[in-house]
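To start, the structure under review is shown below, and the notes come after it.
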Number of protein chains: 2
Amino acid sequence: MASTAPPPTPELLDLTMDNITPNTIRINAQCPDARLRYLMERLVTHLHDLARETRLSTAEWTAAIQFLTRTGQTCSAVRQEFILLSDVLGLSLLVDAVNHPKPASCTEGSVLGPFHTHDAPVVAAGARLSADPAGEPLLVLCAVRDRAGRPIADVKVDIWETDASGHYDVQHEGRDGPSERGVMRSGEDGGFWFRAIVPVSYPIPTDGPVGQLLQMLGRHPWRPAHMHFMLEKPGWDHLVTAVYVRGDPYEKTDAVFGVKQSLIVDLEPIDDATAAQYGVSLDTKVLRQEFVLASEKETAELRDKNAVEALKSLGLNMKLVDHLPVPDLD
Amino acid sequence: MASTAPPPTPELLDLTMDNITPNTIRINAQCPDARLRYLMERLVTHLHDLARETRLSTAEWTAAIQFLTRTGQTCSAVRQEFILLSDVLGLSLLVDAVNHPKPASCTEGSVLGPFHTHDAPVVAAGARLSADPAGEPLLVLCAVRDRAGRPIADVKVDIWETDASGHYDVQHEGRDGPSERGVMRSGEDGGFWFRAIVPVSYPIPTDGPVGQLLQMLGRHPWRPAHMHFMLEKPGWDHLVTAVYVRGDPYEKTDAVFGVKQSLIVDLEPIDDATAAQYGVSLDTKVLRQEFVLASEKETAELRDKNAVEALKSLGLNMKLVDHLPVPDLD
């Protein structure tokens with residue numbers, strides 16, 4: 001019978017650049033959670049390999065510590081600089097792709113970005129999301145469907161965009177409440193509609209550490225004009241996406257890698273009948289968009305299938321526990 | 001003749017988990033600095049591989065964003081939680097080992113830790129660094145020498161330790177100035193000496209994100225009793241080290257991987273002559289330590305040699321520019 005006493009803490013002494021990695025992994029292996037143990041093993045391996053491959057200098061290490069500290073301290077109730085960092089490093093796109101693979105014909109995802117808030121007002125069909133007088137009026141006519149084209153009713157839809165100056169409400173000093181935001185629900189026919197303003201291209205915040213990093217890298221900070229949508233309903237895969245206005249000068253060089261061809265839309269001039277039907281002026285542009293959701297079940301199956309195939313091709317002997325890989329020690 | 005016009009911004013569209021890495025590297029390659037370009041290429045590669053190998057979930061990504069944010073926000077003028085994170089992940093030990101390889105017979109390095117400050121008082125030989133009445137009196141007699149045994153005069157020596165409760169001064173609320181710290185210089189004979197208290201083992205701060213991480217990993221937060229020393233003089237390799245008191249219960253399980261056998265010291269009882277010579281009481285313990293410094297030149301040569309060998313064994317085609325590796329594109 002195996003002993004049930006916990007193993008003694010592993011001994012560590014005389015650690016060098018050659019033995020620090022297995023020893024750090026060994027001491028972290030005391031963790032009772034197999035998934036966290038695996039995450040830490042991969043994190044420590046990659047972090048140490050990074051330092052060894054680059055022969056990271058003490059000055060560079062210090063600069064990295066200071067950069068991360070400033071990034072954390074730039075975060076506030078209305079600003080998330082670490083999400084912005086993840087976005088510009090391509091990590092956000094990657095994590096979305098891993099977690100929300102799309103079955104054929106489903107609407108593709110895009111980056112959440114750092115500007116989503118939880119205080120957007122719940123609004124009814126036809127609401128005006130932006131009161132910015134400088135904005136060009138836009139009528140947004142949407143529908144939510146499943147892969148067979150059937151409407152999905154009662155989907156919670158979170159919408160956010162910048163004002164006409166290219167700033168989200170949270171970027172203005174003294175913000176006293178949400179604007180250019182709203183939460184609504186799709187109707188029985190899967191439809192939802194609202195009034196907003198034509199999105200404009202804008203730079204991600206350049207006054208913080210992430211903006212400074214882009215500048216050092218010679219990268220521009222611009223995002224092409226877009227409007228964010230987040231769609232959720234139990235039983236359906238959570239969809240974080242955005243639609244991009246065709247012809248934007250930054251369409252192919254989005255600073256956060258968010259643009260997909262299937263998400264680029266044409267804004268159309270309005271016709272008399274539509275203007276009359278929705279009670280909007282004739283200088284209003286129209287955006288029509290259909291969102292096609294995957295079920296939670298089919299997304300989970302596809303995610304698991306992708307994971308098993310990817311791990312196998314990486315030569316890793318893994319099993320999925322709660323849909324997440326851990327080493328298969330059996 | 002090659003065109004000198006800058007290349008156009010690389011185009012990015014329809015990024016997926018399979019093509020995001022080369023595209024992120026490609027857009028970062030606009031960076032004019034070859035070293036930063038290489039650092040970013042390795043960072044992005046490892047960060048993306050980590051997400052792909054673990055199939056990092058959105059919930060885990062969110063937890064990581066929140067952890068990093070809390071870590072940054074725990075930092076203050078007197079607390080550096082990111083250094084602590086680097087310490088417990090074994091990165092600090094590794095970066096020190098890469099940057100300060102020791103020629104034979106030189107004193108080994110140890111982790112700087114997050115508690116060094118820049119406000120320690122400059123003190124003369126014989127100073128009392130700790131006024132903590134609960135501390136056990138300690139006489140510290142040191143000498144600085146080169147590898148041939150010759151004294152090195154006028155070395156700036158920075159010394160810091162905890163009080164008898166196991167806390168650095170900066171860990172006490174309402175700290176009104178430095179204590180258990182001092183900066184002194186070696187004399188003509190390479191010697192320096194001071195009075196302090198016998199170091200005690202202590203836990204690294206457990207009230208922040210790093211302490212919480214250790215707890216989740218099933219790791220204890222303790223460091224064995226030690227005293228920090230930092231020695232610097234132009235022409236000599238900067239030495240960050242510590243001496244550890246033999247027999248500490250955490251000697252072989254230091255939470256930050258700092259202990260080396262060569263840095264473990266015996267505290268001796270004092271004899272009458274020594275007590276009289278230094279004017280200390282007979283209940284004082286004595287710590288005798290010799291620090292052997294490498295020259296800047298021999299350390300740089302050893303570091304370069306190690307770098308070239310390591311990069312070659314990793315199969316990387318690199319050259320050193322200002323002693324730091326960059327890809328050799330010639």
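Computed values, structure above
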item: Hits in segment A:295-315 - residues which are of a type in the set (Gly, Ala, Ser) and either in contact with a His (Cβ under 7 Å, 6 or more places away or on another chain) or farther than 20 Å from B:Leu56 by Cβ (or both); result: A:Ser295, A:Ala300
item: First in segment A:11-27 and within 14 Å of B:Asp96 (Cβ to Cβ), second anywhere and exposed (fewer than 15 other Cβ atoms within 10 Å of the Cβ) and of a type outside the set (Asp, Glu), Cβ under 6 Å, 6 or more apart; result: A:Asp14/B:Gln261
item: Per-region count, segment A:136-180, residues in contact with a Phe, Trp or Tyr (Cβ under 7 Å, 6 or more places away or on another chain) and of a type in the set (Ser, Thr, Tyr); result: 2
item: Residue selected from segment A:92-114 under the condition without any contact (Cβ under 8 Å) to a residue 60 or more places away in the chain and surrounded by fewer than 23 Cβ atoms within 10 Å (Cβ to Cβ), by the criterion nearest to the other protein chains (Cβ to nearest Cβ); result: A:Ala97
item: Flag for B:Thr62 being more than 7 Å from chain A (Cβ to nearest Cβ), out of contact with any Pro (no Cβ under 8 Å at 6 or more places or on another chain), surrounded by fewer than 17 Cβ atoms within 10 Å (Cβ to Cβ) and more than 24 Å from B:Leu311 (Cβ to Cβ); result: yes
item: Hits in segment B:50-91 - residues which are touching a residue at least 24 places away in the same chain (Cβ under 8 Å) and more than 25 Å from the chain's Cα centre (by Cα); result: B:Arg52
item: Of residues in segment A:3-17 being more than 12 Å from B:Gly90 (Cβ to Cβ) and either in contact with a helix residue (DSSP H, G or I) (Cβ under 8 Å, 6 or more places away or on another chain) or modelled with pLDDT of 60 or more (or both), the one surrounded by the fewest Cβ atoms within 10 Å (Cβ to Cβ); result: A:Glu11
item: In segment B:168-199, the residues that are of a type outside the set (Asp, Glu), modelled with pLDDT of 95 or more and surrounded by fewer than 21 Cβ atoms within 10 Å (Cβ to Cβ); result: B:Val183, B:Arg185, B:Gly187, B:Gly191, B:Trp193, B:Arg195, B:Val198
item: Total residues in segment A:222-252, condition part of a loop (DSSP other than H, G, I, E, B) and over 17 Å from the mean Cα position of the chain (by Cα); result: 10
item: Filtered residue count, segment A:209-239, keeping only those that are closer than 21 Å to A:Pro151 by Cα and out of contact with any Phe, Trp or Tyr (no Cβ under 8 Å at 6 or more places or on another chain); result: 8
item: Matching residues, segment B:65-87, being among the small types (Gly, Ala, Ser) and surrounded by fewer than 19 Cβ atoms within 10 Å (Cβ to Cβ); result: B:Ser76, B:Ala77
item: Selection from segment B:82-121 of residues that are touching a strand residue (DSSP E or B) at 6+ places or on another chain (Cβ under 7 Å), of a type in the set (Val, Ile, Thr) and farther than 23 Å from B:Asp169 by Cα; result: B:Thr107
item: Sole residue being over 29 Å from A:Glu268 (Cβ atoms) and away from chain B (no Cβ under 14 Å), chosen from A:Thr162, A:Thr117; result: A:Thr117
item: Test: A:Glu41 is within 17 Å of the chain's Cα centre (by Cα) and not assigned by the TED database to the domain that holds A:Ile264; result: no
item: Selection from segment B:282-292 of residues that are over 14 Å from B:Ser262 (Cα atoms) and either of a type in the set (D, E, K, R) or not assigned by the TED database to the domain that holds B:Ile152 (or both); result: B:Asp283, B:Lys285
item: Residue match in segment B:69-91 (condition: aromatic (Phe, Trp, Tyr) and either more than 7 Å from every other protein chain (Cβ to nearest Cβ) or over 22 Å from A:Ile27 (Cα atoms) (or both)); result: no
item: Checking B:Leu311 against (1) among the aliphatic types (A, V, I, L, M); (2) buried (at least 19 other Cβ atoms within 10 Å of the Cβ); (3) closer than 30 Å to A:Thr21 by Cβ; (4) assigned by the TED database to the domain that holds B:Arg147, the condition it does not meet; result: (4)
item: Where B:Pro234 falls short, out of the listed (1) buried (at least 20 other Cβ atoms within 10 Å of the Cβ); (2) more than 28 Å from A:Asp49 (Cβ to Cβ); (3) not charged (D, E, K, R); result: (1)
item: Residue count, segment A:60-84 (criterion: closer than 19 Å to B:Leu47 by Cα and in contact with a Ser or Thr (Cβ under 6 Å, 6 or more places away or on another chain)); result: 3
item: Within segment A:42-59, tally of residues that are more than 7 Å from chain B (Cβ to nearest Cβ) and either surrounded by 20 or more Cβ atoms within 10 Å (Cβ to Cβ) or under 18 Å from B:Leu36 (Cα atoms) (or both); result: 1
item: Members of segment A:237-247 that are more than 12 Å from every other protein chain (Cβ to nearest Cβ) and either in contact with a helix residue (DSSP H, G or I) (Cβ under 6 Å, 6 or more places away or on another chain) or surrounded by fewer than 23 Cβ atoms within 10 Å (Cβ to Cβ) (or both); result: A:Val243, A:Val245, A:Arg246, A:Gly247
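The values are calculated or read from the model by the stated rules, or taken from the named source; none is laboratory data. None of the values given here were measured: they were computed from a predicted structure. Because the Cβ atoms are built from the backbone with ideal geometry, glycine has one as well, and the counts that use them run over all protein chains shown.
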